[in-house]
Amino acid sequence: MQTHVQVNEFHPFTNYDFSNFYFGSGDDPFDIIHTYNRWWEKAYKGGYHIYREPFTSGPGTTVSIRTNMGKDHHDLLNLSSYNYLGMAGSPVVKEAAIKALEKYGLGASGGPNLSGMFDIHRELEAAIAAFKQKEACTTFNSGYAANIGIISGIMRSGDTIFLDQFSHASIIDGAILSKAKTVFFRHNNAADLERKIAGVGGRKLVVVEGVYSMDGDYCNLPEILEVAKKHGARTMIDEAHSAFVCGENGRGVVEHFGLEDEVDIHMGTFSKALGGIGGYVCCDEGLIQYLEAFARSRFFSCTLPPAVSAGVLASLRHIEAHPELRWQLWKNVAYLQKRLREEGVDIGNSVSQVMPVMVYEDASVFGIAQELRENGIFLQPVTYPAVSKGKARLRLSVSAAHTTEQLEYAAQTISSILKK
C-alpha cells in the first residue's frame, strides 16, 4: 500500500507519482486533492504536459498536435496510435459512417435492451461472429466496458479468477466488480498458474491477453490452456491488440496457435485494427444471451452510435477482402524490429506491432519523448501506473500504412537520441 504525501515542500516531481496520492490523511475525501494538485503543477511543467495534447488531424501515419505548452507541431511521424491497419481514416469507412449518420442521426439514444438496438448493430454482431467463426456475438461501447461486463457478468462472490500479472486495468476492474477472489500468476508462466490453481475448488476463470499491450509479446496460450483445462477452469482471452491482425486470417492469437475452439470466451475491440471504437465478445449463443442480461456495462449503457457501427462494419469487410493490409503490417513490423535491434535499441521481447522502447527511468522518458517530437516523431512515454516502477518506456505502434522510409527514419532518430 502506498503512503500519502505529508510534506510542505516537494522534492523534484520525479520522486513522486500517482501512487502517492491515492490515499488522503483527513476525514474529508477532498483532502488529498490539494496535495495532488501541488505536485501536479510541478509534474506538469516537468514533463507531464506531454499527455492529453489534442490532435488537430486524424490519427494517420503523420499527425498535427496543439501542445499544452502553446506550440503547434505539424506532420509529426505518428508512432503512438493503435491504427494498425490504417483504417481509421479510410475513405471506405468514412463513406459508410456518413451514410449511417444521414440515416440514423448521431446517437442510439437508448440502452440496447430498450430503445438503443438498431439493425446495423445486429448486422455488425453477425459479421463479427462469422469472422471469428463463433455462434454469436454481442457488442459494448468500449473495450473497457466489454471486459468489466463479461467478467463481472459471469463470476460471483466465492468464485476464483486467475489473471496474468500484466493484465489490463479493465480485466482487473472486471474481477474486482465480480467480487470473486482474484489470484495473479507470473506473466506467461504456466507453472506458476499450476501452483496457484491446484487445489482450488468451485467456479474458476483464467483470463489472458493475446498480445500484451505494454510489452508486445504473445500470451503463452498452449501451456496456459493445458493447465486451465486440467483443473476445470473456463478460459477467456482479450484480443484487443491481436484480433484482425494475428493469425493466417486475422482471427487473432487463438488462430496463430490453432486453438480457436479451445478458448471459451473471445473478447476484442474495434478501436485498434478496425479504426473505430467499441468492444465485442464472441462465444456460444447461450452465454451471449446470458451476458446480454447480466453484463451491466452493456445493459445500463447507451448503445454504440449507429454511424460508428456502420464504419466498423465497413472496416471489417474491407480488411477481409484485402489481406494484403495484414501482410504489409507484418512486413513493417519485421523491418522496424530488425532495424531497432541493429541500432541497439531495447524493445524487450516484442514479437508484434506493439514495441516498448525501454528507458526504465521516469526522469528520463519525458525528455526523450520531447526531443523526439522536436525531431518530427510523435512517440508517447508510459510510466507508472500503466507499467511497473522502474519500467518506464516509449510505447511504439506500427501501422500497415507506414512507409519503409518513415520506419527507417524512426529507427535512426530513436537510436540517435537514446545514445545521447
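For region 89-107, does any single residue satisfy the condition of being surrounded by 12 or more Cβ atoms within 10 Å (Cβ to Cβ), closer than 30 Å to residue 411 by Cα and touching a residue at least 40 places away in the same chain (Cβ under 8 Å)?
Within region 89-107, the first condition is being surrounded by 12 or more Cβ atoms within 10 Å (Cβ to Cβ), and the residues that meet it are 89-90, 92-101, 103-105, 107.
Subsequent filtering for residues that are closer than 30 Å to residue 411 by Cα retains 89-90.
Now drop any that are not touching a residue at least 40 places away in the same chain (Cβ under 8 Å), which leaves 89-90.
Yes - at least one qualifying residue is present in region 89-107.
Out of all the residues in region 370-383, which are closer than 21 Å to residue 333 by Cα and at pLDDT 95 or above?
Step one: of region 370-383, the residues closer than 21 Å to residue 333 by Cα are 372, 376-382.
Those that are closer than 21 Å to residue 333 by Cα and at pLDDT 95 or above: 372, 376, 377, 378, 379.
How many residues, within region 237-249, are crowded, with 22+ Cβ neighbours inside 10 Å and either part of a loop (DSSP other than H, G, I, E, B) or among the hydroxyl-bearing types (Ser, Thr, Tyr) (or both)?
Quick first cut of region 237-249, residues crowded, with 22+ Cβ neighbours inside 10 Å only: 237-246.
Going one step further and asking which of them are either part of a loop (DSSP other than H, G, I, E, B) or among the hydroxyl-bearing types (Ser, Thr, Tyr) (or both), we end up with 239-246.
Qualifying residue count for the region: 8.
Tally time: how many residues in region 264-279 are closer than 15 Å to residue 238 by Cβ and either crowded, with 24+ Cβ neighbours inside 10 Å or under 12 Å from the mean Cα position of the chain (by Cα) (or both)?
Going residue by residue through region 264-279, those that are closer than 15 Å to residue 238 by Cβ are 264-273, 278-279.
If we keep only those that are either crowded, with 24+ Cβ neighbours inside 10 Å or under 12 Å from the mean Cα position of the chain (by Cα) (or both) as well, we get 266-273, 278-279.
Residues meeting the conditions: 10.
Here are some conditions: (1) under 19 Å from residue 269 (Cα atoms); (2) surrounded by fewer than 21 Cβ atoms within 10 Å (Cβ to Cβ). Residue 208 meets all but one. Which one does it not meet?
(2)
Residue under question is residue 341, and the condition is that it be touching a residue at least 60 places away in the same chain (Cβ under 8 Å) and farther than 19 Å from residue 246 by Cα; does it hold? Can you show your working first?
Details: touching a residue at least 60 places away in the same chain (Cβ under 8 Å): no; farther than 19 Å from residue 246 by Cα: yes.
Answer is no for this residue.
In this structure, does residue 228 turn out to be without any contact (Cβ under 8 Å) to a residue 24 or more places away in the chain and either part of a helix (DSSP H, G or I) or closer than 19 Å to residue 144 by Cβ (or both)?
Values: without any contact (Cβ under 8 Å) to a residue 24 or more places away in the chain: no; either part of a helix (DSSP H, G or I) or closer than 19 Å to residue 144 by Cβ (or both): yes.
So residue 228 does not fit the description; no.
Which ones in region 264-294 are among the aliphatic types (A, V, I, L, M) and either in the same structural domain as residue 400 (by TED's automatic domain parsing) or within 20 Å of residue 127 (Cβ to Cβ) (or both)? Quick ask: steps written out before the conclusion?
If we filter region 264-294 for residues that are among the aliphatic types (A, V, I, L, M), which is where we start, we get 265, 267, 273-274, 277, 281, 287-288, 291, 293.
Within region 264-294, 265, 267, 273, 274, 277, 281, 287, 288, 291 meet the criteria.
Could you please give the count of residues in region 366-375 that are within 18 Å of residue 17 (Cα to Cα) and either surrounded by fewer than 22 Cβ atoms within 10 Å (Cβ to Cβ) or without any contact (Cβ under 8 Å) to a residue 40 or more places away in the chain (or both)?
Within region 366-375, residues that are within 18 Å of residue 17 (Cα to Cα) and either surrounded by fewer than 22 Cβ atoms within 10 Å (Cβ to Cβ) or without any contact (Cβ under 8 Å) to a residue 40 or more places away in the chain (or both) number 1.
Against the conditions (1) in a loop (DSSP other than H, G, I, E, B); (2) surrounded by fewer than 18 Cβ atoms within 10 Å (Cβ to Cβ); (3) not β-branched (Val, Ile, Thr), where does residue 293 fall short? Just the number, please.
It fails just one condition, (1).
With the requirement that a residue be hydrophobic (A, V, I, L, M, F, W, C) and crowded, with 23+ Cβ neighbours inside 10 Å, what does region 137-153 give you?
Quick first cut of region 137-153, residues hydrophobic (A, V, I, L, M, F, W, C) only: 137, 140, 145-146, 148, 150-151.
Listed by number, the residues that qualify are 137, 140, 146, 148, 150, 151.
The values are calculated or read from the model by the stated rules, or taken from the named source; none is laboratory data. Predicted model, so just to flag it, every value in this text is computed and none were measured. Positions of Cβ are generated from backbone atoms using ideal geometry, with glycine treated the same way; all protein chains shown enter the neighbour counts.
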